[in-house]
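These notes concern the structure reproduced below.
The values are calculated or read from the model by the stated rules, or taken from the named source; none is laboratory data. From a predicted model like this one, the values you see are computed outputs, not experimental measurements. Note that we place each Cβ from the backbone using ideal geometry, even for glycine, and neighbour counts take in every protein chain shown. Ligands, DNA and RNA are excluded from the accessible area calculation, which covers all protein heavy atoms including side chains. Shrake-Rupley method; radii C 1.70, N 1.55, O 1.52, S 1.80 Å.
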Protein chains: 2
Amino acid sequence: MLYERLVTQFPTSGRYWRLYIEHEMRNRNYEQVEELFQRCLMKILNIDLWKCYVTYVRETKSSLPNFRVKMKQAYDFAVEHVGIDFHSTTLWADYINFLKSEATSGSYAETQKTNAIRKAYHQVVMTPLMNIEQMWRDYCNFEQMSSKAAAKRNIDAVSRTYVHSKRASAELESCTRGLIRGATSVPLLGTVQEIQQLKIWKQFIAWEKRNPTRTESNALLVKRVLYAYEQCLLCYSHCAEIWYEAALYLQRASETGNTQFKERWAEEAAMLYERATTISLSNSPLLHFAFADFEESRLKFDKAEAIYKKLLEKKDIQPTLVFVQYMKFSRRTEGIKAARNVFKQAREDPRCSHQIYVAAALMEYNISKDKAIAYKIFELGLKKFADDPTYVLAYLDHLSHLNEDNNTRVLFEKVLATMPAEKTKEVWDKYVEFESNVGDLASLLKVEKKRAASMRGNSKMDPSQCREALLLVDRYSYLGLIPCSETELKVMEHPCAAKVDLEPASG
Amino acid sequence: MLYERLVTQFPTSGRYWRLYIEHEMRNRNYEQVEELFQRCLMKILNIDLWKCYVTYVRETKSSLPNFRVKMKQAYDFAVEHVGIDFHSTTLWADYINFLKSEATSGSYAETQKTNAIRKAYHQVVMTPLMNIEQMWRDYCNFEQMSSKAAAKRNIDAVSRTYVHSKRASAELESCTRGLIRGATSVPLLGTVQEIQQLKIWKQFIAWEKRNPTRTESNALLVKRVLYAYEQCLLCYSHCAEIWYEAALYLQRASETGNTQFKERWAEEAAMLYERATTISLSNSPLLHFAFADFEESRLKFDKAEAIYKKLLEKKDIQPTLVFVQYMKFSRRTEGIKAARNVFKQAREDPRCSHQIYVAAALMEYNISKDKAIAYKIFELGLKKFADDPTYVLAYLDHLSHLNEDNNTRVLFEKVLATMPAEKTKEVWDKYVEFESNVGDLASLLKVEKKRAASMRGNSKMDPSQCREALLLVDRYSYLGLIPCSETELKVMEHPCAAKVDLEPASG
């Protein structure tokens, strides 16, 4: 069925869920409608979808004897979840009209009714809403009508709150200008529009974080910020950054908040991670790592381990980085033996690349302080990755830090003897650097000569001989010092030049 | 005087030298003219300047009894130095007409004359020149006129060379299209036009390196390539890259060439470096380092040392990198004691920044294998540079590589206690990474908590809280593996994203 396929493909689209439900309502499939609301309502904080829910209750329950009770529940449910939405004004207006329409008898009931209406108005007044001015006028009328005597006092009591909300409404309107709230969430494409939309969303979220309504309730502040994140995620559910920041926000709130919410916000953070890693970002290492770290920090080691394992079961990922992080996790939480088991698993996974050997070797060196095991692991990796300059350079780096000059030289020679010439550039550079640091002049010249010979033999493959000056720049640079001006970097088209803003400088 | 100021400011401008000389010629200041030619001719291989020289000889020496001898010398001198210029066609034509105008008597003298003319034509024929076709036709006529019988044989002998030169002329014309040969050399500005002009020059030089005239004379090939470099340097004397590549080309030629030219090319390389570091690039560390390395490789240690010293005497340079390279040089050529002296000098120079301490400490660790001295030097530097994250991170890196976990922790705590909060970000990240690698969970959580507290205290200064996801990417990346897709990097505006070409990828 078309609608089912739509909501499966775009599970965060309030629009598609609503169209689906409206379709079922037209066909009077009310059971199906209830089920659909069950599936989407709590996850999709989309104002139109929630208004549709209220409409559904109004249209289908009117014949029931407890209709008004049902209706009140529906309204309360809706305003609790989406009543802070900038576009919830008509929902509030409907709700208040519904409250006003209650037939009462007796002054007690009348007072109850007035209080309920006033309570609703008060919530409106403290919320930045579209057309809040109209709602304020309605509220003032209401107070005038209910009691001329008390009106001024009642109105004065909330007028400062209203001033804040009015100002916040204007700010909100201006800081979300250009936002396309109904955008359907698709995998990221890296387009200019996407980046620009995310910028507006972030701006909106940052604005909420500054507590523009000046509420003294930390719970309300957190709720508003999370609501902004949720709105953004409806459109950008494939953006790991937003999920992570939302979860992090909750996590920090839970770390600093009082005990009442501590537990709840931490749970909500976990639920956010869970949702993200289940649906849109089930293959995102970034989110899985953040999730696992979060659970680890809550001492829920089993949950953390399950997260790594779940990700490793996916067929279509590159698992090396996952193994690296999983191994570090195991070392921290269970010790070196558990970590060695992870390394064993990784070695048996044919998709794994060289980094796991580096990580395992350095772990042995750093933790068991055992040079011999580290050496064995590096040598083991060398059997598979002797052609990979990154691996070789990591191994060389380790050896040279140990001041094992002769072993380092042996490794340089061994590797350069077999590595395909077009991959050797960096290894040769490292060799020259090594000898320039620790060798005598004779060894330096010997290596430079061999390197030059290798480059010459290789020059037919690589026509950009002109880049030698770049190598020179790299060779003489040291800890952020460069041997030429920024303008020269730019003219040479050095990769680092792009990062800096240029001003004219003399050579 | 205006002209003197012009050639002082733009010493590589053939045009200004020529205007200067023509001005003096108009005023018949011949002594001054001779002196000016002395100053510029050998350094400025500009065809118009050299034509001006020939004109000068023709116009001023005509009354001398040995005028034809002088004139012949002038022509020979000119074609030797700029006769390979694409625009030297009229110089050659003048020269040949001069030869043809010789009055002879007797068949021996006639044969001598014909041989001289033929020799000149042969040089023309092997050179890619503008309008080479006309010169070829002249040559064929000449052979026809001198001997109908031998003409075909004589012409056939060089016709293949001519075909190569003709094709090369066309190629040269096309590969230098857009080149502004007369551009005045000014300090680099990094403009688009500059970069684009340098691209054409490099293309031209690369073309010459491919030996387009198919000469079998290595000397001629090197001469042609160097001529191209010299032409480029007339316009871009402030571009270190070109000087370096030209010198490197000579150096390599000298290393591979036969003994006849070995010495000469090495000397020419040294002269190029000397010229570059004396005039346009007297403050360029890059060229001084390359020069010093070149002299070191020729075992001319005194010359190399003088180069470092000369650069250190400049008042308007940042000397740290120079000291670092000078110290390494001293260690290699004289040993650790000499290198320690350089470090001492550097410490006394108030302009010196922290990198020299790192370099000196690592040198002690790598060479004298003495952890204690290295430690002392790092601590000495810490007194001055405890606020500098780069310095601190280098020190921490060293300590953690030594597996001195407790000392490393002590250093982290000590530094973070005093460093201004806005500089601590990287140090905190490193601390978290350190504990995630070697610490137990309790220490990791403790550090993460402290770091979070520090960031929170700091958040008012740094409004881009949104960048936390970038930190996360960095934290989970390992040896080239990143925890997300390239598209995600781009959408997050991660600095690394700029380097990669993007294709749509799923999150």
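Odds and ends about this structure:
- Restricting B:Gln123, B:Gln193, B:Gln134, B:Gln144 to residues that are assigned to a helix (DSSP H, G or I) and within 14 Å of another protein chain (Cβ to nearest Cβ) narrows the list to B:Gln193.
- Criterion: open to solvent by 10 Å² or more (accessible area, probe 1.4 Å) and more than 9 Å from every other protein chain (Cβ to nearest Cβ) - qualifying residue of B:Phe385, B:Phe378: B:Phe385
- Among residues of region B:304-333, those that are open to solvent by 80 Å² or more (accessible area, probe 1.4 Å) and more than 10 Å from chain A (Cβ to nearest Cβ), counted: 3
- Within region B:454-467, one or more residues are at pLDDT 80 or above and either facing chain A (nearest Cβ under 8 Å) or more than 16 Å from A:Asp293 (Cβ to Cβ) (or both).
- A:Ile242 out of contact with any Asp or Glu (no Cβ under 8 Å at 6 or more places or on another chain) and outside any loop (DSSP other than H, G, I, E, B): yes
- Put simply, of A:Thr390, A:Thr408, A:Thr424 the only residue that is among the polar types (S, T, N, Q), more than 11 Å from chain B (Cβ to nearest Cβ), touching a Leu at 6+ places or on another chain (Cβ under 8 Å) and free of Cβ contacts under 8 Å to residues at least 60 places away in the same chain is A:Thr424.
- Residue match in region B:152-168 (condition: closer than 30 Å to B:His238 by Cβ and open to solvent by 80 Å² or more (accessible area, probe 1.4 Å)): no
- Scan of region B:425-447 for residues that are surrounded by fewer than 20 Cβ atoms within 10 Å (Cβ to Cβ) and in contact with a Ser or Thr (Cβ under 7 Å, 6 or more places away or on another chain), ordered by number: B:Leu441, B:Leu445
- Residue within region B:162-171 that is over 29 Å from B:Leu248 (Cβ atoms) and in contact (Cβ under 8 Å) with a residue 24 or more places away in the chain present: yes
- Filtering region B:19-34 to residues that are assigned to a helix (DSSP H, G or I), among the charged types (D, E, K, R) and over 20 Å from B:Asp76 (Cα atoms) leaves B:Glu22, B:Glu24, B:Arg26, B:Glu31.
- Residue match in region A:390-409 (condition: over 22 Å from B:His398 (Cβ atoms) and exposed (fewer than 14 other Cβ atoms within 10 Å of the Cβ)): no
- Residues within region A:273-293 that are open to solvent by less than 10 Å² (accessible area, probe 1.4 Å) and either among the basic types (Lys, Arg) or away from every other protein chain (no Cβ under 11 Å) (or both), tallied: 3
- If you go through region A:173-204 and keep only what is small (Gly, Ala, Ser), at pLDDT 90 or above and open to solvent by less than 10 Å² (accessible area, probe 1.4 Å), you end up with just A:Ser185.
- Single condition B:Asn366 does not satisfy, out of (1) over 25 Å from B:Ser282 (Cβ atoms); (2) of a type outside the set (A, V, I, L, M); (3) more than 8 Å from chain A (Cβ to nearest Cβ): (3)
- Failed item in (1) buried (at least 17 other Cβ atoms within 10 Å of the Cβ); (2) modelled with pLDDT under 95, with B:Ser105 passing the rest: (1)
- Considering only residues in region B:205-259 that are closer than 18 Å to B:Glu80 by Cβ and of a type in the set (S, T, N, Q), the one that is most open to solvent (accessible area, probe 1.4 Å) turns out to be B:Asn218.
Yes/no matrix, rows are residues, columns are (1) within 11 Å of chain B (Cβ to nearest Cβ); (2) not basic (Lys, Arg):
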| position | (1), (2) |
| --- | --- |
| A:Arg210 | yes, no |
| A:Arg224 | no, no |
| A:Cys239 | yes, yes |
| A:Gln260 | no, yes |
| A:Arg264 | no, no |
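- Inside region A:150-179, residues that are out of contact with any helix residue (DSSP H, G or I) (no Cβ under 6 Å at 6 or more places or on another chain) and of a type in the set (A, V, I, L, M, F, W, C) make up a count of 6.
- Matching residues in region B:311-325 - criterion: being more than 19 Å from B:Arg347 (Cβ to Cβ) and modelled with pLDDT of 95 or more: none
- Residue list for region B:1-18, restricted to those being farther than 14 Å from B:Val186 by Cβ and crowded, with 17+ Cβ neighbours inside 10 Å: B:Val7, B:Gly14, B:Trp17, B:Arg18
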